[in-house]
1. Those residues that are among the hydroxyl-bearing types (Ser, Thr, Tyr), within 14 Å of another protein chain (Cβ to nearest Cβ) and closer than 19 Å to residue A:277 by Cα, I need them from region A:71-115; list them, please.
2. List the helices (runs of 4 or more DSSP H) inside region A:1-118, counting only whole elements, that have at least 3 residues being of a type outside the set (Phe, Trp, Tyr) and farther than 28 Å from residue B:193 by Cβ.
3. Could you identify the single residue in A:26, A:8 that is in contact with a Pro (Cβ under 6 Å, 6 or more places away or on another chain) and basic (Lys, Arg)?
4. Has region B:329-339 got at least one residue that is of a type outside the set (S, T, N, Q), at pLDDT 80 or above and touching an Asp or Glu at 6+ places or on another chain (Cβ under 6 Å)?
5. If you check residue A:288 against the conditions, is it among the hydrophobic types (A, V, I, L, M, F, W, C), surrounded by 16 or more Cβ atoms within 10 Å (Cβ to Cβ) and touching a residue at least 12 places away in the same chain (Cβ under 8 Å)?
6. Scan region B:210-234 for residues that are hydroxyl-bearing (Ser, Thr, Tyr) and open to solvent by 20 Å² or more (accessible area, probe 1.4 Å) and jot them down.
7. Looking at (1) surrounded by fewer than 20 Cβ atoms within 10 Å (Cβ to Cβ); (2) small (Gly, Ala, Ser); (3) over 21 Å from the mean Cα position of the chain (by Cα), which is the only condition residue B:100 fails?
8. Search region B:139-153 for residues that are farther than 16 Å from residue B:14 by Cα and pair each with any residue that is of a type in the set (Gly, Ala, Ser) and surrounded by 16 or more Cβ atoms within 10 Å (Cβ to Cβ) when their beta-carbon atoms are under 6 Å apart and the residues are at least 6 apart or on different chains.
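The values are calculated or read from the model by the stated rules, or taken from the named source; none is laboratory data. Just so you know, these numbers come straight off a predicted model, no measurement behind them. Counting neighbours? That spans all protein chains shown, and the Cβs are built from the backbone with ideal geometry, glycine included. When the accessible area is computed, the model is the full protein with side chains, heavy atoms only, and any ligands, DNA or RNA have been set aside. Shrake-Rupley method; radii C 1.70, N 1.55, O 1.52, S 1.80 Å.
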Amino acid sequence: MNPLAPYRRPEAVQQLVGQLQQAISRPWTLMEVCGGQTHALLRHGLDRLLPEGLELIHGPGCPVCVTPAATIDRALELAARPGVILCSYGDMLRVPGSDGRSLLDLRAAGACVRVVTSPLDALAIARDSPGQQVVFFAVGFETTAPATALLAHQAWCCGSSNLALLVGHVRIAPAMEALLASPHNRVQGFLAAGHVCAVMGSEELEPLSARFHVPVVVTGFEPVDLLEGLLRCVRQLERGEGRVENAYGRACRPEGNAAARALIARVFEPVDQLWRGLGVFPASGLRLRPPYAALDAARLPGQATEHRPGPDAAAACISGQVLQGLARPTACPAFGRTCTPERPLGAPMVSSEGACAAYWHHGDRAENSAAARPLVRAAEASSLSDKAEP
Amino acid sequence: MASASPGDSEAIERVQLGHGGGGSLSQQLIAELLVPAFGPGDGVLHDAATFKADPGPLAFSTDAYVVRPLIFPGGDIGRLAVIGTVNDLAMVGARPLALSLALILEEGLAMGTLRQVVASIRTAAAACGVPVLTGDTKVVERGKGDGLYITTSGVGSLGPGPAIGPPAVRPGDAILVSGDLGRHGVAILAARHELGFRTDLCSDLASLLPSVQALLGQGLEVHALRDLTRGGLASALFEIARDTGLLLQIEEEAVPIAPAVTSACELLGLDPLAMANEGRLVLFLPAAEAAQALAVLQGFQPEAAIIGAVADAGMPGDSESGAGNRLLPAIARGTVLLRNAYGVQRRLTLGQGEQLPRIC
């Protein structure tokens, strides 16, 4: 039997939908933070089963989507160099850089770009390719950061001389905080990303929940998980509560995974980080700390410390608004017209966790109508912070 | 290049560029490997083969085979090249009469691998009852190929019945699949050792000729058949909906998928409906004959299933009340709708061809 079957049972889904309908007495706006949750909601059609007053908006929890164009441009520049083997996760390969080209385009043109599913594969490739420079393009939230940290630690310990890391890791809690602090904020409760919390623990979100008096429910990715998270969030809101609850007990403990947290802390240090389309969030990024900083791809010959992106081909992409929950993907004039998975303007259409891709693959594309207008005018909401993307 | 590894002894016999140069090495390859395997059917090696065939309409198909690794759990590129073309012929109801075989070899390919593949081609062709009548061999420089590419073409004879193909699909037809889906795609991914998981799954690679002939032998009114290769069921349904302008409604829960395939796809963020198969078909025929067709198919694969039906073009996806109707106010022609266990329908979209594993 599929081990996930208990979390997909139609009877349980029906029961939870009924409970949600009973629990809700007025409209609420909730954000599922993680792109994986967005895809699960749309793939299973749960969004269509929810009570009318319950609005779901899609958060910035897609690591591919929030990686700045400058970082992707840097990866493209490295991949184009002779003698470089650039390794990354599959999702990153389709994302266009400033000039519209992706790593897949470069590979087709002769660059050596490889898909890996584990960062440690990059170390094996480096061992097997002594005459070449291997670069691991590391992206993701705290979910993938421990594996990158392990790679850095092992590479450092074995004295690898031909492996470098282009680090684009981000932390989700500072981004959630910035969303709540924004004057445009519409979020009244969060479904927190279960896999991030499995690493960092639910405790990490308690200060944020307390400060803004907002319900945060740690939630998994199956239909029953998601509906349970929504139900708990709505019940808190109806009661006027705002605290952290863990609805993903089978994977997440309050303190998280101590070993993984220690590894992150050992290898990385927080740094202010630019999120694509959203601006700079304090302490929301991770960079290699000494001695692992010696592995930083920025130290490779010819790498500028400040990389300036070229003209942004994705200027028409409203991903910043989508990732703040200020516009639905289908409200974008480019959605399904000049922006499709085959020819994406921005990462949310191409990433497997992107909100636009979720609507494209699982949603009703006919939604692109007046009913799906932007929730806040574009001019009001270009960025969450003062420091917008250059 | 599956057979070439740094540890190989220099003594291993390998394909050289000269094997494709037309000289003595070429002659040797043909005389010592290919002729014993396939023979000249008429006793003469010539520019073209001649053969006797039943009179009547013919079917003709060609396909190129590129797979890495060359030998995978449940098959190899040679068996794939024979069965793939035999299956293509079977999808219009044809019995194969003759195959051609083009081998594109990469310099350095171990001769032992080539012999194994050639033996596999011979065995598969014999099992399908079709001779390999003509062929060609080329050798490309090392680094210009993946060890071995194969192209097969096949000619088949058609029976006297009405044409089988998408134009014959009608509203009210039942939609069946001949077995569980996605085994080939997952087996190949695992065999490449790139995805960090192991599985005992074998490819579903198999000839569909016996099941098609059994369906036709029972006098069933088969409207259309499509073998589910790259792109899987999703791609086949999408193409048939697009080509016919009809609305295909699929019950997602009815689509048979092995738990190991489901688990692998969940882990990697891949869609089992879009995973490749090499021994499965989708069948369209009148709903009144669905149960009989299912019994025939289950004689070959117990997992065969009725997965949906063809609706009138342009009609809403769900005539019943309930969740389904809130969702899709206007259904375009040529659409595939998947209805899940919660009664929600969503439109099937086509993937981009290459499924890439997700980040987390």
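1. Within region A:71-115, just A:102 meets the criteria.
2. In region A:1-118, A:10-23, A:35-43, A:69-79 are the helices (runs of 4 or more DSSP H) which contain 3 or more residues that are of a type outside the set (Phe, Trp, Tyr) and farther than 28 Å from residue B:193 by Cβ.
3. A:8
4. Checking region B:329-339: at least one residue is of a type outside the set (S, T, N, Q), at pLDDT 80 or above and touching an Asp or Glu at 6+ places or on another chain (Cβ under 6 Å).
5. Judged against the criteria, residue A:288 is a match.
6. Our first condition is that a residue be hydroxyl-bearing (Ser, Thr, Tyr); within region B:210-234, this holds for B:211, B:229.
Within region B:210-234, just B:229 meets the criteria.
7. Condition not satisfied by residue B:100: (3).
8. B:150/B:81; B:151/B:102; B:152/B:81; B:153/B:100
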